[in-house]
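Inspection log for the structure reproduced underneath, given as structure tokens.
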């Protein structure tokens, strides 16, 4: 049973740690990106083209369904469902469309229900960025039927889901990691949004703020490539120029900026109200004693009745957005549009039909801004409508940068950049403080998952092993007889021992690790044969770390090898300099929490002028 050789060392560059080679001071970089970035960027060209094609196909499919449902003709021209010649019979159009969607979800795929972005997030975080091909086909079809038959939804959510599905399917054809599949999924999603609205920068930002859950060159650059490729395709597919061009906004001065902050607060409160309306509606449907397949049809009844009250509330409503930004909507019409649109949108979305949230949010935000602008002493109606759109979008989706840049790219009104920023950030801060979740993450939370949408630097990638290792290290000599080792660990009156100890030779070089478990196994198997500790450890693989490497690399190695205590060596001469246990790694987390909760005044009022012999300590408070 005895071996004559010492234990072979498993260095970080071998065995389980191939994916995380040792990184000392001369090798550390700002980013972890490598040549795979070029491969993913090349693949993003395909994802970007696919996303642009998906946007074109879905929008024209919506036009075709609208013409068939409300005008009885086969045409791909964009028309307003409110102008249908069918009169009262149009009430039945949304009912029929939503019934078809319920059947598609029941017998096709339940994943087509909802507004698309939560489903994309769930696929990224939980589904290893794999989207079924069936969803890629049924999602745009169901959304076209929903919106084309009067559903008060936007096309962007379904386009994001469809573009993401195409990117995911393309990625699944190759040997890629889940993180790389996520990159191409999000690239396709961003491309769809970029092509639809002509907003390539906002599409990149929505990817960062809502979908990637990281900001790394490995994912950011390919997503940007796909978004820009889609923007290049857009003039040929959907036409050039901004979607809702505006004249430069008037100067509003300091008073206008203050009022913009007030509008942001109102927009944040409205965002919370809209979110609550959607999920209260969903709760109501879940209490019904019927299968969820029939819920969209009931939502279709509400859509149909709402369409009789205000026909402009039906469909995507891009014409409403344009009218608000051109100042062509009166106060009574704006109020009626907001009330009807918000009710039928919340009820229909709660019923589980298929459609997006962005365009309805722009309409309702524009109305809020329009109504408040009517009483503000500065600015004009289009200006305040634009600020309301940015505020509602930034607050409801918890994506303030996207809301800001989206408004700028939609209108090319860059003169409004400062008030737009104020309104969007204020609305965002309001909803963050008042609501636990956004309209997007609430749906995911209801499925049993929790998402934290705060990006922070990984503390494991900031600290080095030498900052957390225990030193000096208690060791055992390789020449120690095995009987003494057993006595060392098992003697009833012995002092408290560590769980394991590094074993060193006469020169102090590490040759292995011995644990209390080893000693107990030797006892259970019979008293060990004569010999030394070094002889019985021969042949074992030993996982080690280096004092100058990052804690994150060592933590990964501990997880991969399931080793709880790792000896730490000096890179220059392989001398044993420390030991890291799991509790040492956990102290990194404790240090981060301390930075968040330990408060101290480093400069105290009244401290100046005192003698140096006085108390110079800072006032500390622990939360």
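Numbers at a glance
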| quantity | calculated |
| --- | --- |
| Rg to Rh quotient for region 335-449, alpha carbon positions, Kirkwood Rh | 0.99 |
| Principal-axis tilt of helix 381-396 within the chain, Cα atoms, nearest 10 degrees | 40 |
| Gain on full stretching of the segment that runs from residue 32 to residue 237 - 0.36 nm per residue minus C-alpha separation | 70.1 nm |
| The chain - mean residue ellipticity at 222 nm from DSSP helices (-39,500 (n - 2.57) per run, n ≥ 4, rounded to 500) | -17500 deg cm²/dmol |
| Where N is the number of residues in region 459-594, Cα Rg divided by 2.2 N^0.38 Å | 1.12 |
| Residue order, fewest to most surrounding Cβ atoms within 10 angstrom, among 460, 153, 107 | 107, 460, 153 |
| Peptides ranked, highest mean first, by Cβ atoms within 10 Å: ranges 80-91, 125-136, 194-205, 175-186 | 194-205, 175-186, 125-136, 80-91 |
| Percent RCO, i.e. relative contact order, over the chain, from Cα pairs under 8 Å lying at least 6 residues apart | 18 |
| Neighbour-count order for 215, 345, fewest beta carbons within 10 angstrom listed first | 215, 345 |
| Rg over Rh [alpha-carbon atoms, Kirkwood Rh] for region 218-258 | 1.26 |
| As computed over region 174-214, the Cα convex hull volume per residue (Å³) | 56 |
| Calculated volume of the Cα convex hull per residue in Å³ (choose from (i) 301; (ii) 230; (iii) 268), label | (ii) |
| Region 159-305, relative contact order in percent, only Cα pairs under 8 angstrom and at least six apart counted | 17 |
| Cα long-axis angle, helix 551-561 against the chain (0 to 90 degrees, to the nearest 10) | 80 |
| Which of 409, 214, 454 has the fewest Cβ neighbours within 10 Å, and the rest in rising order | 454, 214, 409 |
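All of the numbers you see were taken from the coordinates with simple rules; none came from a lab. Only a predicted model underlies this, so the values are computations on that prediction, with no experimental measurement involved. No Cβ is skipped: glycine too gets one built from the backbone with ideal geometry, and neighbour counts run over all protein chains shown.
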